[in-house]
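Reading through the structure tokens given below for one structure.
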Amino acid sequence: MPEPSDVVGVMRAALDLAAQSLDTGDVPVGAVVLAPDGVPLAGGSNRREGLADPTGHAEIIALRAAGDALGTWRLDGCTLVVTLEPCTMCAGALVLARVARLVFGAWDPKAGAAGSVRDVVRDSRSPRAPTPTVATQTSTTARTAGHALPPGVTTAPSPRSDYRRSTRAVKSRSARSLARTCHHPIATSSG
């Protein structure tokens, strides 16, 4: 396994895990959980098709294995490194597992829940949201959450840079839409 502080090496390990998903016809996504001291704890790759399990995402498999390795579901101080932005289910799981930091390799404009489509990990209603980082290859070094990323890795801005403004607009649209669709009484059966 790569050196503890080598985010690029850990991402390469996640990419190697992702390649294993191809054997079962799954979407190639890999994830690695790092302990608070940066040592790799567990990894996983997508296995939805292979296991016939709708929760068989790489992140969920890696979080479960990390919980087993630590003997607790609380992954306080851990980092999740994943090749693709987590979906809503996986983002919710990493928040509930109390993962401190999320590093992912690419935005998922179709189902991402760390800033592209939704932003579960930065939801202000969640007191335990991790610090998300998108690792991209560049020639500069960036600092995130007090951790220096290695040379050649920096953070990329979210495709939703005006997140707060768009969230307010979505909330007000959703409330109006809900008000329009929920005016029908619920049918009840009397016995």
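Annotation note: of 66, 100, the sole residue that is over 9 Å from the mean Cα position of the chain (by Cα) and open to solvent by less than 10 Å² (accessible area, probe 1.4 Å) is 66. Of the residues making up the range 4-63, those that are buried (at least 22 other Cβ atoms within 10 Å of the Cβ), farther than 25 Å from residue 74 by Cβ and of a type in the set (A, V, I, L, M, F, W, C) number 1.
The values are calculated or read from the model by the stated rules, or taken from the named source; none is laboratory data. Values in this document were obtained by computation on a predicted structure and should not be read as measured data. Here Cβ is always computed from backbone atoms with ideal geometry, including for glycine, and neighbour counts include all displayed protein chains. The protein model used for the area step is the full one, side chains on, heavy atoms only, and it has no ligands, DNA or RNA in it. Shrake-Rupley method; radii C 1.70, N 1.55, O 1.52, S 1.80 Å.
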